[in-house]
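The values are calculated or read from the model by the stated rules, or taken from the named source; none is laboratory data. Source: prediction; values computed, not measured. When we count neighbours, we look across all protein chains shown, and the Cβ atoms used for this are built from the backbone with ideal geometry, even at glycine.
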Amino acid sequence: MDHIPLLEELAIIAGLGAAVTVLLGRLRLPTVAGLLATGALAGPFGLGLVNEVHAINALAEMGVVLLLFTIGLDFSLKRLRHIFRRVALGGFIQVGSTIAVAAAIALALGQTPGRAVFYGFVFALSSTAIVLRMLSQRGEIDAPHGRFVVGALIFQDLCVIPMMLLIPVLKNTGNAGVIVGDIGLALGKTAIVVVGILLIARPVVARVFQWIDSRRSREAFILAVLAVCIGTAWLTSLAGLSLALGAFLGGIVVADSEFQHRAMGDMIPLRDAFVSVFFVSLGMLFDGRILLSHPIEVALLLGGFVLGKGVLATLAAAAMRSPARAMWRAGVGLAQFGEFGFVLIQLAHSSGLADRHTTSALLAAGIISMFLTPLIIRIAPHIRAGERLLAPLTRLLGVRGIDQESLSSRVAGHVVVIGYGIAGRLVTRSLAACGIPQVALELNADTVRDARAADEPVYYADATSPEALDHARVKAARSVVILINDPEAAVRVVDTVHRAAPAVPVFIRTRYFADRAKLMELGATDVIAEEVEASVEVIARLLRRLEVPRNIIDAQIDQARAATRAAERAVPVPRSALPRHEALADLKIESLAVTQHSQAAGRTSLDLQVRQKTRALIVAIRRGDVLIDHLDPEDPFQVGDVIFLVGSIDAIREAITLLEGEGQ
């Protein structure tokens, strides 16, 4: 068999990539960092193990196509309409301000207008792969800073396509009329292609997929998905547009069909393989020699990514009225180079907008920033100085904190609820129903505003601050309940509460059972681990559905509790509905209200002989607010009683007739 160089080099890339990724994983660096390092080692500026760079780049371009296709799968038109308001403003502020500032600095340094805008585009994008993985691992997706970061990343992904369309146009900086004309032509052509694909392809693709699905062939379905992905990319390339735009549109077309999730499941393994090659190929562009020849330039660009971009992202979060802690961590989370920045750099180089020196310096600084990101995100929660510096911004933006509210000094015996999401609202409503006073602290200014408009005792406050807890009268509280989605902040809140009021019981919800011991050491009275409570609830519901006897279910729950050494509270097993038991499917349960005209009024079950005459069984009586399940056969029924009967349909019908009597 003939020797195939590409296969040999792919084998080298795969083996080296696995080894480097595992080694860097021990340092808690993400997979992307390992792939970039693999490319840098194996590429022409490293050990020179790979010579077929053009073939590798062709595979990498396929990775970009698949990546954009799966992003399109995630952004159906329905979902885009749903999340638009949530992500548009914050994302626009972050992307727009970054482009404007970066372009202005580039112009001041003597760059052409087109190249200045290109710099703005590159600096505006962050690493979706690294940041989302870090947020997910740390359980911070739903934290205040996590929600802002995710929204900004979504907006950035949506901006990639127009940026790619404008890059080739930006090189025409000599004539403003030519630039405007080229931009108008590009946008017009894009609009026609987008509308055409969405109007024509959506109904056709849905019908084709239904026909293929009816053949029950997984291979045919995968090929059909690839045909949509590659086919739309090819069509847009014929129109002079990018392959990535076509792949993104193909994903949106499939996302609006009932086959979205199946297509995503089939494409993820293929996408991951090609995207891995994509990151390796980008690492091959890293030229370490530029660090020696132009260290100051690379250092300034790196400072722009980590510091300058971080400051702008922080201000964008501030404009969205985020709390100081969320501003600080949002800025840290978005302060790096992005994957699609590589795509823009390659496009700028191929179109003549940027030269080799410019792209090499940007790539060097960008790759270093991506390596630093996991370390900075891990350290950021422990740096309190950033939060303290940003705290005055919340007041400048009109966010009224608990220290400015008129909370009475006589408030005592209340419960302090920290976090006013779904769980916080449920807890406060339960406390209100029981007549227990409460004070809720929340960091989302919009949530606080809506709650106060509904006259609910919710205050804007950072519970990690002893001053905020003091204003909430935590020392006089009966207990504190912590229900926030930021794990790092939750740990700090427990510690702060325990130091401020060590005698006050602290209840806290956490995601993982492994966090329980640490929180108990810090002073928590009871830790409710979501994974334990969810598992116990699943056991109870599953075994009840499978008609396992109640005592066996209780025994299994006790074993689960013993295995996790969790709280001692009893677990509510779902009530067994009689129709769900196949053996008792013919039995029904019915209720009857006793009126003044009922034959049962003033008479006993012994007098009426309900069981003997009808075969129906009286199992309980509700008298007022009391449920009587221990029946005295000589206790007469009273007007207003509700009698609960169990039996067959015929037996219950006869019993109702007997109890109602002729007076009905």
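Listed by position, the strands (runs of 3 or more DSSP E) inside segment 597-664 whose residues that are touching a residue at least 60 places away in the same chain (Cβ under 8 Å), in the same structural domain as Leu587 (by TED's automatic domain parsing) and not small (Gly, Ala, Ser) number at least 1 are 642-647.
Whenever a residue of segment 324-348 is over 15 Å from Leu125 (Cβ atoms) and without any contact (Cβ under 8 Å) to a residue 60 or more places away in the chain, its partners that are surrounded by 24 or more Cβ atoms within 10 Å (Cβ to Cβ) and not β-branched (Val, Ile, Thr), lying with C-beta atoms within less than 7 angstrom and at least six residues away or across chains, give the pairs Gly331/Ala313; Gly331/Ala317. Residues of segment 34-44 being crowded, with 18+ Cβ neighbours inside 10 Å and not hydroxyl-bearing (Ser, Thr, Tyr), which ones? Once the filter is applied, which keeps residues that are crowded, with 18+ Cβ neighbours inside 10 Å and not hydroxyl-bearing (Ser, Thr, Tyr), segment 34-44 yields Gly34, Leu35, Leu36, Ala37, Gly39, Ala40, Leu41, Ala42, Gly43. Scanning segment 24-40 for residues that are among the hydrophobic types (A, V, I, L, M, F, W, C) and free of Cβ contacts under 8 Å to residues at least 60 places away in the same chain returns Leu24, Leu27. Restricting attention to segment 201-227, the residues that are in a helix (DSSP H, G or I) and farther than 13 Å from Asp256 by Cα add up to 15.
Here is a yes/no grid of residues against (1) at pLDDT below 80; (2) buried (at least 23 other Cβ atoms within 10 Å of the Cβ); (3) over 22 Å from the mean Cα position of the chain (by Cα); (4) within 10 Å of Leu73 (Cα to Cα):
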site	(1), (2), (3), (4)
Ile230	no, no, yes, no
Leu238	yes, no, yes, no
Ser242	yes, yes, yes, no
His261	yes, no, no, yes
Phe274	yes, no, yes, no
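Scanning segment 444-499 for residues that are under 23 Å from Arg511 (Cβ atoms), acidic (Asp, Glu) and more than 25 Å from the chain's Cα centre (by Cα) yields a total of 1. Looking across segment 398-443 at every residue that is surrounded by fewer than 14 Cβ atoms within 10 Å (Cβ to Cβ) and of a type in the set (Ser, Thr, Tyr), the one that is modelled with the highest pLDDT is identified as Ser430. With respect to the conditions (1) modelled with pLDDT of 85 or more; (2) part of a loop (DSSP other than H, G, I, E, B); (3) under 19 Å from Glu140 (Cα atoms), Thr464 lacks only one, and its number is (1).
Where helices (runs of 4 or more DSSP H) sit wholly within segment 4-112, those with at least 2 residues that are modelled with pLDDT under 75 occupy 5-25, 53-74, 77-108.
Only one entry in Val208, Val204, Val225 is crowded, with 24+ Cβ neighbours inside 10 Å and more than 19 Å from Leu165 (Cβ to Cβ), namely Val225.
Please determine whether any residue of segment 307-328 is closer than 28 Å to Leu47 by Cα and either of a type outside the set (Ser, Thr, Tyr) or in the same structural domain as Ala100 (by TED's automatic domain parsing) (or both). No, that holds for no residue. Taking the criterion of being outside any loop (DSSP other than H, G, I, E, B) and in contact (Cβ under 8 Å) with a residue 40 or more places away in the chain, the residues of segment 504-515 that qualify are Arg509, Phe513.
Remark: pairs (first residue in segment 482-503, assigned by TED's automatic domain parsing to the domain that holds His145; second residue outside any loop (DSSP other than H, G, I, E, B) and of a type in the set (Phe, Trp, Tyr); Cβ separation under 7 Å; 6+ apart in sequence or on different chains) are absent. Checked against (1) free of Cβ contacts under 8 Å to residues at least 60 places away in the same chain; (2) among the aromatic types (Phe, Trp, Tyr); (3) closer than 26 Å to Met320 by Cα, Tyr460 meets all criteria but (1). If only residues of segment 587-624 that are more than 14 Å from Ile649 (Cα to Cα) and among the small types (Gly, Ala, Ser) are counted, the one that is surrounded by the most Cβ atoms within 10 Å (Cβ to Cβ) is Ala600. Within segment 329-339, at least one residue is in a helix (DSSP H, G or I), assigned by TED's automatic domain parsing to the domain that holds Gly139, under 19 Å from Asp462 (Cβ atoms) and of a type outside the set (Gly, Ala, Ser).
Counting the residues of segment 582-596 that are part of a loop (DSSP other than H, G, I, E, B) and either at pLDDT 85 or above or more than 47 Å from the chain's Cα centre (by Cα) (or both) gives 3. What are the residue pairs meeting all of these: first residue in segment 93-117, first residue within 16 Å of Leu353 (Cβ to Cβ) and free of Cβ contacts under 8 Å to residues at least 24 places away in the same chain, second residue in a helix (DSSP H, G or I) and among the charged types (D, E, K, R), Cβ atoms under 7 Å, and 6 or more apart or on different chains? Short answer, once both residue conditions are applied: Ala106/Arg115. For segment 120-139, a tally of residues being closer than 25 Å to Ala103 by Cα and surrounded by 24 or more Cβ atoms within 10 Å (Cβ to Cβ) returns 8. In the set Val298, Val254, only one residue is within 29 Å of the chain's Cα centre (by Cα) and of a type outside the set (S, T, N, Q); that residue is Val254.
Say whether the condition of being under 21 Å from Arg325 (Cβ atoms) and not in a strand (DSSP E or B) is met by at least one residue in segment 430-443. The answer is yes, given that some residue of segment 430-443 is under 21 Å from Arg325 (Cβ atoms) and not in a strand (DSSP E or B).
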